[in-house]
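Colleague: One structure, as structure tokens, below. Some questions next.
The values are calculated or read from the model by the stated rules, or taken from the named source; none is laboratory data. Since we're looking at a predicted model, the values are computed, not measured. Don't worry about glycine lacking a Cβ; one is built from the backbone with ideal geometry, like all the others, and counts go over all protein chains shown.
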Amino acid sequence: ALFQGPSHLSANKAYDYIIVGGGAAGSVLANRLTENRDVHVLLVEAGSSNFEDILIEVPNFAGRLAGTQFDWNFTTTPQPGLEGRVLPFERGHVLGGSTCINFMAFTRGSRDDWDRLANVTNDKGWSWESIFPYAKKLEHLVPPIDRRDISDEVDIRVHGLHGPVHASVPAFLVSTDDRVISTTQQLPDEFPFNRDMNSGDPIGIGWTPSTIAGGVRQSGALSYLKPILSIRQNLDVVVNTHVTKLLQTGSVGKLPEMRGVQLSQPGSKKTLTLRATKEVIVSAGAVKTPQLLMLSGIGDSAELSKLNIKTIVDLPDVGKNLQDHPFVTGSFTVNNTNTLDVLNNATVESQQLAIWKKNHGGLLALPSGNQVGWIRLPKNSSVFSESGVGTDPSAGPTSAHWETILFDGFIGFGGPPPSTGNFFTAFIVLTSPTSRGNVTLNTTDPFAPPIINPSYLTTPFDILTMRSAIRGIRRFTSAPAWDGWITGEFGPFKQAQSDEQLDAFARANTVTINHVSGTVRVGKSGSVVEEGTGALDSDLKVKGTVGLRVVDASIFPFIPAAHTQVPTYIVAERVSDLIKADAANACKKEAASS
Ligand SMILES: Cc1cc2nc3c(=O)[nH]c(=O)nc-3n(C[C@H](O)[C@H](O)[C@H](O)COP(=O)(O)OP(=O)(O)OC[C@H]3O[C@@H](n4cnc5c(N)ncnc54)[C@H](O)[C@@H]3O)c2cc1C
């Protein structure tokens, strides 16, 4: 059942699992764990249940969700690498979490990203080979709206066709598609065509897969929760409700048993305490999960003592190791009036909205770029020597150093689009950054935001890679395919030519693509707990505790060189099976001892 607040819950009801946060990971867990009718689950979500709001459903409205009721409205600290600028830091605040406000790119990450996770955790279950069945299990690839032949755009063999998350390639073609694809033929060494970036080897340029199907955003809530909400009697979902503290419910040997949660609502003094018989699973995302752990006494004791929080488990990695993907855009003026800039005209936009309302078609059904590219720095790039980085920080030869998203129009993040003109825009995203930031506590108030410091562009490798990537985009658009189309560069991008100008442009214009990860990193099971060894065992149980796991984007020790929603879904799919296996083993042990 769906409850609109904690007053509807009964303190006496026994739940096997309590899941904190109904975003990407929490939606998967709530669904998979309730597949067994005898297992009772409570999912607690701080935001509302309005995941079918039109702002969320229309793909093209993704850029309008910042600052709304669906966003936590966080901001960063002033960023030294970005001239002291403070950036908005979007996170989803609604059932479905950030999958309701994201830009819907559907990418699994590379073989090397996953194999590195397996190495770091010493757990082969995280290797590409092992997670590949989960990547397929979660997906339901559907044809695009225009029903064109997509055999050149996807390799159907690597896709899932029966999973809960519907996904597709762009709804229909736009004016720059042919030119982008021609460029991959004209400059195949640096920008090869990649028929399917979800095969484990994303390197190259290909068609954008996204969580858009039939013209509608496919959020975690729509995919995993809507189909079961009114059917499964063993699932309770409570929205508009925050978990404000994780509670110790006892001890097992010397270890604290953490099977309790305290629930409340902003502005209310009332709290409700509930207990899970098996586990509490924290899936509150890479900002709120470390905050909640620290508020509950699980974190770096030196940090906790500053706010007089009693340490229950001293876990120095909680809140550290924040990684994200920073980006800039470069826009070009074009000699064509048939670009998606037409959507900046209010009349056209309302016509398109009418079409979308009628049949979910029209320009508003498109993703934010029909092609995406995943590019590696050349082996002999001076970035490696000049930055002093030592070894290549990417996960390996299938992991990109930078990404580009190619859009048939203007996209900028420094104000409204130009009132006239036609454009082509390339996003330039760092995908294997070496900068590391953190999330720390500001106060003990669970409703107040924590301090978020992503430390963007604070290493020589990151700024030099950004410089190199911007030059890469200029090589891309100098291919013959763009002759007669691109007429020039636009805005401050145009002025950024010398090394110094490129660095200044990057520092003045970088924003985040919102992939925050890594703040409760997983390590090897049973390893000594010290900074850098991970806060979680390889099955994502919180070290030094009983009955507590973290399952969300916080867990990645290295941010995947990918958009992070699908990697998060994959993690949650695998861990659902690990949780089921643990429960089955516990049953067997109980049976044997009785
Ligand atoms: C603007 C934006 C654009 C993005 N674009 C893309 C993209 O194009 N492709 C892609 O793959 N990824 C994208 N991402 C990233 C992707 O959406 C996230 O990596 C993914 O959703 C992370 O999943 P999660 O489960 O860790 O957290 P979330 O999905 O953020 O879910 C966390 C949930 O926990 C809830 N919560 C938090 N604290 C509490 C509490 N104390 N009590 C109860 N509930 C709580 C939150 O309200 C939220 O619903 C984007 C993200 C944003 C914000």
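Colleague: Kindly indicate whether Val169 is aliphatic (A, V, I, L, M) and in contact with an Asp or Glu (Cβ under 7 Å, 6 or more places away or on another chain).
Modeller: The answer is yes for Val169.
Colleague: Next question, about the same structure. Are there any pairs, at least 6 apart or on different chains, whose C-beta atoms fall under 7 Å, with the first in the range 320-349 and farther than 23 Å from Arg521 by Cβ and free of Cβ contacts under 8 Å to residues at least 24 places away in the same chain and the second crowded, with 23+ Cβ neighbours inside 10 Å and among the small types (Gly, Ala, Ser), and if so, which?
Modeller: From residues that are farther than 23 Å from Arg521 by Cβ and free of Cβ contacts under 8 Å to residues at least 24 places away in the same chain, there are no pairs.
Every residue, every condition in (1) modelled with pLDDT of 95 or more; (2) closer than 26 Å to Phe410 by Cβ; (3) more than 16 Å from the ligand (Cβ to nearest atom); (4) in contact with a Phe, Trp or Tyr (Cβ under 7 Å, 6 or more places away or on another chain), yes or no:
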position: Phe461; (1), (2), (3), (4): yes, no, yes, no
position: Ser468; (1), (2), (3), (4): yes, yes, yes, no
position: Thr477; (1), (2), (3), (4): yes, yes, yes, yes
position: Ala504; (1), (2), (3), (4): yes, yes, yes, no
position: Ala508; (1), (2), (3), (4): yes, yes, yes, no
position: Lys541; (1), (2), (3), (4): yes, no, yes, no
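Colleague: Which residue, of Gly220, Gly214, Gly250, Gly206, is surrounded by fewer than 24 Cβ atoms within 10 Å (Cβ to Cβ), at pLDDT 95 or above and closer than 30 Å to Gly373 by Cβ?
Modeller: Gly214
Colleague: From the list Arg91, Arg108, which residue is within 14 Å of the ligand (Cβ to nearest atom), among the basic types (Lys, Arg), more than 18 Å from Leu29 (Cβ to Cβ) and in contact with a strand residue (DSSP E or B) (Cβ under 7 Å, 6 or more places away or on another chain)?
Modeller: Arg91
Colleague: Cβ-Cβ under 8 Å, sequence separation 6+ or interchain: first residue in the range 141-169 and touching a residue at least 40 places away in the same chain (Cβ under 8 Å) and under 24 Å from Leu363 (Cβ atoms), partner surrounded by fewer than 11 Cβ atoms within 10 Å (Cβ to Cβ) and among the polar types (S, T, N, Q). Which pairs?
Modeller: none
Colleague: Hey, another quick one. Out of the residues in the range 204-254 meeting the condition of being among the hydrophobic types (A, V, I, L, M, F, W, C) and more than 23 Å from Leu138 (Cα to Cα), tell me which one is nearest to the ligand (Cβ to nearest atom).
Modeller: By that ranking, first place goes to Val243.
Colleague: Separate question: Applying the selection to the range 258-271, what residues are touching a residue at least 60 places away in the same chain (Cβ under 8 Å), more than 11 Å from the ligand (Cβ to nearest atom) and crowded, with 18+ Cβ neighbours inside 10 Å?
Modeller: Within the range 258-271, Met258, Arg259 qualify.
Colleague: With respect to the numbered conditions (1) among the small types (Gly, Ala, Ser); (2) surrounded by 20 or more Cβ atoms within 10 Å (Cβ to Cβ); (3) more than 17 Å from the chain's Cα centre (by Cα), which one is the sole condition not fulfilled by Ser98?
Modeller: Here Ser98 clears every test but (3).
Colleague: Let me ask something else. Which ones in the range 189-247 are within 27 Å of Ile131 (Cα to Cα) and of a type in the set (Ser, Thr, Tyr)?
Modeller: Ser199, Thr208, Ser210, Thr211, Ser219, Ser223, Tyr224
Colleague: Here are the criteria: (1) of a type in the set (Gly, Ala, Ser); (2) within 10 Å of the ligand (Cβ to nearest atom); (3) part of a loop (DSSP other than H, G, I, E, B). Tell me which single one Gly534 does not satisfy.
Modeller: Here Gly534 clears every test but (2).
Colleague: Let me ask something else about it. Conditions: (1) at pLDDT below 95; (2) farther than 30 Å from Val154 by Cα. Gly63 meets all but one. Number of the miss?
Modeller: Unmet for Gly63, out of (1) at pLDDT below 95; (2) farther than 30 Å from Val154 by Cα: (2).
Colleague: Out of the residues in the range 52-87 meeting the condition of being touching a residue at least 60 places away in the same chain (Cβ under 8 Å) and within 11 Å of the ligand (Cβ to nearest atom), tell me which one is surrounded by the fewest Cβ atoms within 10 Å (Cβ to Cβ).
Modeller: Gly63
Colleague: Pick from Asp113, Asp155, Asp146: which is away from the ligand (no atom under 11 Å from the Cβ), among the charged types (D, E, K, R) and within 27 Å of Gly22 (Cα to Cα)?
Modeller: From the options Asp113, Asp155, Asp146, the qualifying one is Asp113.
Colleague: Another question about this same structure. Restrict the check to the range 479-491 and report whether at least one residue is in a helix (DSSP H, G or I) and under 29 Å from Asn102 (Cα atoms).
Modeller: yes
Colleague: When you scan the range 413-459, how many residues do you find that are within 14 Å of the ligand (Cβ to nearest atom), under 24 Å from Val180 (Cα atoms) and small (Gly, Ala, Ser)?
Modeller: Here the count works out to 0.
Colleague: Output the number of residues of the range 552-578 satisfying the condition of being assigned to a loop (DSSP other than H, G, I, E, B) and either without any contact (Cβ under 8 Å) to a residue 24 or more places away in the chain or more than 8 Å from the ligand (Cβ to nearest atom) (or both).
Modeller: 6
Colleague: In addition: Going by the structure shown, is Gly23 closer than 22 Å to Gly5 by Cβ, in contact with a helix residue (DSSP H, G or I) (Cβ under 6 Å, 6 or more places away or on another chain) and touching a residue at least 24 places away in the same chain (Cβ under 8 Å)?
Modeller: Yes, satisfied.
Colleague: Now for a separate question. Restricting the range 1-51 to residues that are more than 24 Å from Lys270 (Cα to Cα) and of a type in the set (Gly, Ala, Ser), which is nearest to the ligand (Cβ to nearest atom)?
Modeller: Applying the filter and picking the extreme gives Gly23.
Colleague: Please specify each residue of the range 410-422 satisfying the condition of being under 25 Å from Leu457 (Cβ atoms) and at pLDDT 95 or above.
Modeller: Passing the criteria: only Phe410.
Colleague: Scan the helices (runs of 4 or more DSSP H) fully inside the range 6-123 and keep the ones with 3 or more residues being closer than 26 Å to Gly369 by Cα.
Modeller: Where helices (runs of 4 or more DSSP H) fall fully within the range 6-123 and carry at least 3 residues being closer than 26 Å to Gly369 by Cα, they are 54-57, 111-121.
Colleague: Surrounded by fewer than 22 Cβ atoms within 10 Å (Cβ to Cβ), of a type outside the set (Ser, Thr, Tyr) and either assigned to a helix (DSSP H, G or I) or within 16 Å of the ligand (Cβ to nearest atom) (or both) - does that describe any residue in the range 514-528?
Modeller: Yes, the range 514-528 contains a residue that is surrounded by fewer than 22 Cβ atoms within 10 Å (Cβ to Cβ), of a type outside the set (Ser, Thr, Tyr) and either assigned to a helix (DSSP H, G or I) or within 16 Å of the ligand (Cβ to nearest atom) (or both).
Colleague: Return the pair list, or none, for Cβ contacts closer than 6 Å from residues in the range 183-206 that are among the charged types (D, E, K, R) to residues that are assigned to a loop (DSSP other than H, G, I, E, B), at least 6 apart or on different chains.
Modeller: Arg195/Asp155; Asp196/Val154; Asp196/Asp155; Asp201/Thr398
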